[in-house]
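Engineer: Handing you this structure, nothing more for now.
The values are calculated or read from the model by the stated rules, or taken from the named source; none is laboratory data. Quick caveat: nothing in here was measured; it's all calculated off a predicted structure. Glycine gets a Cβ as well: all are built from the backbone with ideal geometry, and neighbour counts include every protein chain shown. These accessible areas exclude ligands, DNA and RNA; they are computed on the full protein's heavy atoms, side chains included. Shrake-Rupley method; radii C 1.70, N 1.55, O 1.52, S 1.80 Å.
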Amino acid sequence: AVFKPENVEDFYEIGEVLGSGHFGQVRQVRERTSGTCWAGKFLKIRKIACSRLGLDRGSVEREVEVLQTVQHPNIVALKDVFESRAEVVLILELVSGGELFDFIAAKEDLLESEAIEFMTQILEGLGFMHSRNIAHFDLKPENIMLSDKVSPHPNIKLIDFGLAHRFHQGEEYRSTSGTPQYIAPEVINSEPLSTAADMWSIGVITYILLSGLSPFQGETDEETLRNIIAMNYEFHARYFSMTSSMAKDFIQKLLVKNPIDRMTAEECLLHPWIKPITRKQVAKRNRSSINMKN
Ligand SMILES: Cc1ccnnc1
């Protein structure tokens, strides 16, 4: 893929740093013609293949291809790509509500209704990606952003597709990258991967949304990985006594060792914890509860 060879600064004024990660930096940028603000993701490309510094160009091309393939309200949009010398700049939709990670940290944990609202949008975006045979492979609260800080019902945007992969028919894919707390057993065992690996991460994220605890985290990464392989997690009474059994059932159907037995994103959206019940069903439930009282 050829990216625009022009200098990004001819078209955008570079602003403050919004975030940084393994890839490089994300800065707010302002389009000179329209004054519109975007997020510029500045990626260092390694000039020589064996260098450890910077990203290899292939992985950047994959991230661009994935972002160009998936356009969805819950996935960050890609507007433009520039390349100059050893740097590629992705011009992305500006998502300014901060990370879901910080939102949870500030609130300790969420009401189930809030968690359901976030999880539904995450599953809509993820289900769309999976329907195009694309897996994210690095889902975690840091890569789930809120559209804004003010609205009581912020929109969710999935970001950072640096580890994402589009599956081609019949092809096998293995990778051991990802973040220990969130990676699925098959990733640790270097087995062939599928979109089901993302669903394991969704189980971990839901557990965290409802309790503030990370289900498998140990003192060290090694201990965390051992806990995952051993399926060593539980719903500690102190943190889950008020959690609905439907919520726990939802998590239990995702933290399943065999990837083929895990719920898919589509199945998650039909799970009773997530699927909205109609007003008629609410009325019916209320009637039955009144009858029980009388
Ligand atoms: C960090 C970030 C990434 C993409 N868009 N806005 C902000």
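Engineer: I need a count of the residues in segment 43-53 that are surrounded by 18 or more Cβ atoms within 10 Å (Cβ to Cβ) and either among the aromatic types (Phe, Trp, Tyr) or assigned to a loop (DSSP other than H, G, I, E, B) (or both).
Structural biologist: Counting residues in segment 43-53 that are surrounded by 18 or more Cβ atoms within 10 Å (Cβ to Cβ) and either among the aromatic types (Phe, Trp, Tyr) or assigned to a loop (DSSP other than H, G, I, E, B) (or both) gives 0.
Engineer: Go over the candidates 65, 142 one by one and state the one that is closer than 23 Å to residue 199 by Cα, surrounded by fewer than 18 Cβ atoms within 10 Å (Cβ to Cβ) and within 15 Å of the ligand (Cβ to nearest atom).
Structural biologist: After applying the criteria, what remains is 142.
Engineer: Applying the selection to segment 234-252, what residues are of a type in the set (D, E, K, R), out of contact with any helix residue (DSSP H, G or I) (no Cβ under 8 Å at 6 or more places or on another chain) and surrounded by 12 or more Cβ atoms within 10 Å (Cβ to Cβ)?
Structural biologist: Listed by number, the list holds a single entry, 249.
Engineer: Could you run through segment 59-82 and say how many residues are in a loop (DSSP other than H, G, I, E, B) and out of contact with any strand residue (DSSP E or B) (no Cβ under 8 Å at 6 or more places or on another chain)?
Structural biologist: The qualifying residues number 3.
Engineer: Counting only residues that are in a strand (DSSP E or B) and within 28 Å of residue 58 (Cβ to Cβ), how many does segment 135-172 have?
Structural biologist: Total meeting the criteria: 7.
Engineer: Here's a follow-up. Looking at the structure I just gave you, is residue 79 open to solvent by less than 40 Å² (accessible area, probe 1.4 Å) and modelled with pLDDT of 95 or more?
Structural biologist: no
Engineer: Quick one: in segment 196-230, of everything that is touching a helix residue (DSSP H, G or I) at 6+ places or on another chain (Cβ under 8 Å) and in a loop (DSSP other than H, G, I, E, B), which residue is most open to solvent (accessible area, probe 1.4 Å)?
Structural biologist: 217
Engineer: What number goes with the only condition from (1) more than 16 Å from the ligand (Cβ to nearest atom); (2) within 23 Å of residue 187 (Cα to Cα); (3) modelled with pLDDT of 95 or more that residue 59 does not pass?
Structural biologist: So the condition that residue 59 fails would be (3).
Engineer: Of everything in segment 147-194, what is open to solvent by 50 Å² or more (accessible area, probe 1.4 Å), without any contact (Cβ under 8 Å) to a residue 60 or more places away in the chain and closer than 20 Å to residue 124 by Cβ? Give them in sequence order.
Structural biologist: Matches in segment 147-194: 152, 153.
Engineer: May I ask you to list pairs of residues, at least six apart or on different chains, whose Cβ atoms are under 9 Å apart, with the first in segment 22-35 being at positive phi and the second being within 13 Å of the ligand (Cβ to nearest atom)?
Structural biologist: 24/41; 24/42; 24/43
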